[in-house]
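One structure is given here, and the rest of the page talks about it.
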Amino acid sequence: MKVVTHIQELTELIKQHQKKQHSIGFVPTMGFLHEGHLTLAKEARGQNDILVMSIFVNPLQFGPNEDFEAYPRDMKRDQRLAEEAGVDILFTPNVKEMYQGEPSITMTVQKRTDVLCGKKRPGHFDGVVTVLTKLFHLVAPTNVYFGLKDAQQVAVIDAMIKDFFFDLHLVSVPTVREEDGLAKSSRNVYLSETERQEAPALYRALKKGQTAVEKGERDPQRIYQLVEEELLQTSGEIDYIEIYSYPELDQLQQLSGKVIIAIAVKFSRARLIDNVIFHVPESGEKHV
Ligand code: PAF
């Protein structure tokens, strides 16, 4: 594995692979790698000739109340995990390398951001698309990999790729779950023993909503109630339950097409998010 900190070295390596017509899989991260990242890397490893991973804690996507400096970092461990995951090029630039002076142009996301977690993080996705635009230009990936646990981020990146004609394929990888259904997350360690026992209720609630839709329920309000009923069994505080078209994240009067049910629940020391995304069968179409 080559660890590269400078843009010039990265682009020279990328050019060599392009000459050989290698397909390039890319997993952008902010480091402190966990099972979610490694799942993306595994998927990418199997589908491309070479695998590039970036580790860059992007200051632009942190809000005024979010601590950029306090974001966890462990480069030594990350390098070992990346190597074990079969990464060929690990790009680890510093802030000066990625943001060379005051920007002349800024990017602002217009849609898909004022819902779910995005509504409380103004400017966050502007930072995400800015850094990804830079990274996509540098890495020139064939395929880029993102986890559907953060379905809103995937929706925004989908819009960015389409709006700006990025010549790459977005691969959205399903959420990895514990045996009891709880979505894997580095935050799960902050759950107390009782909360950990309650936490599978999140996925149960989502599946209850999905099953009701598959059985013919089309009223978002009714689905909301079913999900809420299940979540109220836990000691957590419901932050949101939201239902939209996916990936547009538009409100729906009547459920149809591809939809997302997404939730966030605050426990004493951890705020958990989860979602299900599925196709709503046409009326009369049988779900199998
Ligand atoms: O999901 C993340 O870790 C970040 O938002 C990303 C996509 C690496 C951009 O900084």
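The values are calculated or read from the model by the stated rules, or taken from the named source; none is laboratory data. Computed from a prediction, not measured in an experiment: that's the story for all the values here. A quick note on method: Cβ atoms are made from the backbone with ideal geometry, for glycine too, and the neighbour counts reach across all protein chains shown.
Tell me which residues, restricted to region 206-221, are assigned to a helix (DSSP H, G or I), out of contact with any His (no Cβ under 7 Å at 6 or more places or on another chain) and within 16 Å of Ser245 (Cα to Cα).
Leu206, Gly209, Gln210, Val213, Pro220, Gln221
Given the structure, is Ile261 of a type in the set (A, V, I, L, M) and either assigned to a strand (DSSP E or B) or on the phi > 0 side of the Ramachandran plot (or both)?
yes
Return a yes/no flag: does region 64-73 have any residue that is surrounded by 14 or more Cβ atoms within 10 Å (Cβ to Cβ), in contact with a Leu (Cβ under 7 Å, 6 or more places away or on another chain) and not polar (S, T, N, Q).
no
Among the residues of region 18-29, write down those that are buried (at least 18 other Cβ atoms within 10 Å of the Cβ) and either aliphatic (A, V, I, L, M) or away from the ligand (no atom under 16 Å from the Cβ) (or both). Step through it out loud before you land on a result.
Within region 18-29, the first condition is being buried (at least 18 other Cβ atoms within 10 Å of the Cβ), and the residues that meet it are 24-29.
Residues satisfying the conditions are Ile24, Val27.
Could you count how many residues in region 45-65 are more than 16 Å from the ligand (Cβ to nearest atom) and touching a residue at least 24 places away in the same chain (Cβ under 8 Å)?
5
Name the helices (runs of 4 or more DSSP H) wholly within region 76-191 that hold at least 1 residues that are of a type in the set (Val, Ile, Thr), modelled with pLDDT of 95 or more and surrounded by 14 or more Cβ atoms within 10 Å (Cβ to Cβ)?
Numbers: elements: 95-98, 124-139, 151-163.
Because the criterion is at least 1 residues that are of a type in the set (Val, Ile, Thr), modelled with pLDDT of 95 or more and surrounded by 14 or more Cβ atoms within 10 Å (Cβ to Cβ), the helices (runs of 4 or more DSSP H) in region 76-191 that meet it are 124-139, 151-163.
Any residue in region 138-153 that is more than 13 Å from the ligand (Cβ to nearest atom) and out of contact with any strand residue (DSSP E or B) (no Cβ under 8 Å at 6 or more places or on another chain)?
Checked region 138-153: no residue is more than 13 Å from the ligand (Cβ to nearest atom) and out of contact with any strand residue (DSSP E or B) (no Cβ under 8 Å at 6 or more places or on another chain).
Return the residue satisfying two criteria in turn: it lies in region 238-258 and is touching a Pro at 6+ places or on another chain (Cβ under 9 Å) and in a loop (DSSP other than H, G, I, E, B), and of such residues it is farthest from Val213 (Cα to Cα).
My answer is Gln251.
Of the residues Ser235, Ser283, which is assigned to a loop (DSSP other than H, G, I, E, B) and at pLDDT below 95?
On the way: Ser235 fails: at pLDDT below 95.
Step by step, each of Ser235, Ser283 is checked, and only Ser283 is assigned to a loop (DSSP other than H, G, I, E, B) and at pLDDT below 95.
Anything in region 104-113 that is over 21 Å from the mean Cα position of the chain (by Cα) and touching a residue at least 24 places away in the same chain (Cβ under 8 Å)? List them, or say none.
Thr106
If you scan region 114-137, which residues turn out to be in contact (Cβ under 8 Å) with a residue 24 or more places away in the chain, more than 12 Å from the ligand (Cβ to nearest atom) and closer than 21 Å to Met98 by Cα?
Of everything in region 114-137, just one residue is in contact (Cβ under 8 Å) with a residue 24 or more places away in the chain, more than 12 Å from the ligand (Cβ to nearest atom) and closer than 21 Å to Met98 by Cα, namely Gly123.
How many residues are touching a Gly at 6+ places or on another chain (Cβ under 6 Å) and of a type in the set (Ser, Thr, Tyr) if we restrict to region 130-180?
Total meeting the criteria: 0.
Please go through region 212-255 and give me each residue that is of a type in the set (S, T, N, Q) and surrounded by fewer than 15 Cβ atoms within 10 Å (Cβ to Cβ), ordered by number.
Those that are of a type in the set (S, T, N, Q) and surrounded by fewer than 15 Cβ atoms within 10 Å (Cβ to Cβ): Gln221, Gln225, Gln233, Ser235, Gln251, Gln253, Gln254.
How many residues, within region 44-75, are more than 18 Å from the chain's Cα centre (by Cα), of a type in the set (Gly, Ala, Ser) and outside any loop (DSSP other than H, G, I, E, B)?
Residues that pass the stated criteria total 1.
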